[in-house]
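Colleague: Input: one structure, supplied below.
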Ligand SMILES: NC(=O)C1=CN([C@@H]2O[C@H](COP(=O)(O)OP(=O)(O)OC[C@H]3O[C@@H](n4cnc5c(N)ncnc54)[C@H](O)[C@@H]3O)[C@@H](O)[C@H]2O)C=CC1
Ligand SMILES: O=C(CO)COP(=O)(O)O
């Protein structure tokens, strides 16, 4: 018979063994993450810096103290392009805002306001306006693009003939329809030689116009470009942080729109703070899981472009994606909600793209799939939410402790749950 002492010893040694195994498992996982992170951090290194990159590098000390040397174009006269162009003009940069509609350009130049997208906010009187695309982008150092994701490729193709060394920065937080291309993919395809970056963060345009302190992230492999963007936009009200994880930063900006829709919908059901916290953190788990599969560094999702933007858009009615979700939660159809909004809500397309991609690649994205089922398969929101709550046992942070169920088993469970979920018209839901 084993004495209590012996049994204790056995337990301790068994525990030690389990601890050791689990710590080895964790170390193995961490090593995998860091390996991926390092690989994604390495990215493409440019052997030949563009003329602008070299010039900016040479003048960097000067640009920091004198950003007026920078010549900038912002393409897209919606709320974000206008707000960012205004910041640069206010910093003294030579700034042109390109807007496709000639009449809008005239009205903006006359009133120094963007009546449609930012009514009531006076723009800096040094900001120039143009509807001439060629003139707007020629002889510039950096071209910032702030058109919706669905118009990004067309805009790049239109400026391609006038690119001769300018750098490009995407401000767009979307994905291309049907191709799952991110904006950086499109830049690499259409303008393979160009020096580029992406900017993303918790940046609700109206708050920026109100001078509420905000911060963002510029991600680029080019250090001079990162510094130039920081110099152009930085102010006491707006801090620009740097990253070289392009994929992570742009995925953060695009994916959070999905969860802003989910949160807007949850708010329509008057959920409590616990529920909101659960949605937010499980959303972050989905984002980083998806990000890792796409080559991003999971730690990027802990930054401004990840959890920062997720928090801002999931908490504010200023977010158009949140408002779409809220209208859906109040019983409106997706088409009616989009029409009523009358502005860009990238999440509507992103849900479809990510649902499809995750399904094909077998990435476990329960919130995205649930939202897709409600919006596009007419499943009842409450039934879908209940099935989400009933889904199997998972670990909290999978990069700390791996899930003890395979994704495949859970996906199968979700599929059964999904097919059992009643449609909106079923008796059970009435
Ligand atoms: N508004 C915001 O607070 C923020 C928006 N963003 C992102 O910026 C991008 C642009 O969004 P917003 O400015 O908010 O949109 P918006 O809905 O305010 O305006 C969109 C603008 O794009 C223009 N546009 C549409 N199709 C075009 C085309 N084919 N060619 C040229 N111009 C075209 C429209 O005329 C309009 O001026 C989106 O990807 C959004 O996610 C990013 C951060 C903050
Ligand atoms: O990305 C944004 C703030 O960071 C803006 O969000 P919406 O596009 O939902 O308005």
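Every number here is computed from the coordinates shown, using simple stated rules; none is lab data. Bear in mind the structure is a predicted one, so any value in this text is a computation, not a measurement. Note that each Cβ is placed from the backbone with ideal geometry, even for glycine, and that neighbours are counted across all protein chains shown.
Colleague: Quick one: work out the % antiparallel among DSSP beta bridges in the range 157-252, nearest 5.
Modeller: Antiparallel bridges make up about 30 percent of those DSSP assigns within the range 157-252.
Colleague: Contact order normalised by length for the range 120-185, with contacts defined as Cα pairs under 8 Å and 6 or more residues apart; what percent is it?
Modeller: Across the range 120-185, relative contact order equals 33 percent.
Colleague: How do 336-345, 240-249 rank on mean C-beta neighbours within 10 Å, highest first?
Modeller: Answer by packing, highest mean first, reads 240-249, 336-345.
Colleague: Using only alpha carbon pairs under 8 Å that are at least six residues apart, calculate the relative contact order of the range 258-369 and give it in whole percent.
Modeller: 40 percent
Colleague: Then there's this: Could you give the nm distance between label points at residue 315 and residue 393, where each point is 7 Å from its Cα heading toward the beta carbon?
Modeller: With each label placed 7 Å out from Cα toward Cβ, I get 3.4 nm.
Colleague: Can you say what percent of the DSSP beta bridges in the range 51-244, counting only those with both residues inside, are antiparallel? Round to 5.
Modeller: Just about 15 percent of them are antiparallel.
Colleague: Which residues in the range 77-106 place their backbone N less than 14 Å from a point set 7 Å from the Cα of residue 236 along the Cα-to-Cβ direction?
Modeller: Backbone N within reach: 91.
Colleague: Another question, if that's okay. Can you compute log10 of I(q)/I(0) for the range 251-429 with the Debye formula, treating each Cα as one identical point scatterer, at q = 0.15, 0.17 Å⁻¹?
Modeller: Once normalised to I(0) and log-transformed, intensities are -0.83, -1.09.
Colleague: In whole angstrom, how far apart do the alpha carbon centroids of the range 159-214 and the range 235-288 sit?
Modeller: 19 Å
Colleague: At residue 178 and residue 376, where each label point lies 7 Å from the Cα along Cα→Cβ, what is the point-to-point distance in nanometres?
Modeller: Reported label-point gap for residue 178 and residue 376 is 1.4 nm.
Colleague: Averaging over every viewing direction, what projected area does the convex hull of the Cα atoms of the range 51-244 cover, in nm²?
Modeller: Answer in nm², one decimal: 9.9.
Colleague: Moving on to the next point. What percent do you get for the relative contact order of the range 115-230 when only Cα pairs under 8 Å and 6+ apart count?
Modeller: Answer for the range 115-230 is 20 percent.
Colleague: Which part of the range 108-124 falls in the paramagnetic zone of residue 206, meaning amide N under 18 Å from the point 7 Å along Cα-to-beta-carbon?
Modeller: 113-123
Colleague: Let me ask something else about it. Going by average Cβ neighbours within 10 Å, how do the peptides 144-153, 257-266 rank, with the highest at the top?
Modeller: 257-266, 144-153
Colleague: Something else about it: When you count, for each residue, the other Cβ atoms within 10 Å and take the mean per peptide, how do 303-311, 267-275 rank with the highest first?
Modeller: 303-311, 267-275
Colleague: While we're on this one: Label-point separation (nm) for residue 109 and residue 281, each offset 7 Å from Cα along Cα-to-Cβ?
Modeller: Modelled inter-label distance: 5.5 nm.
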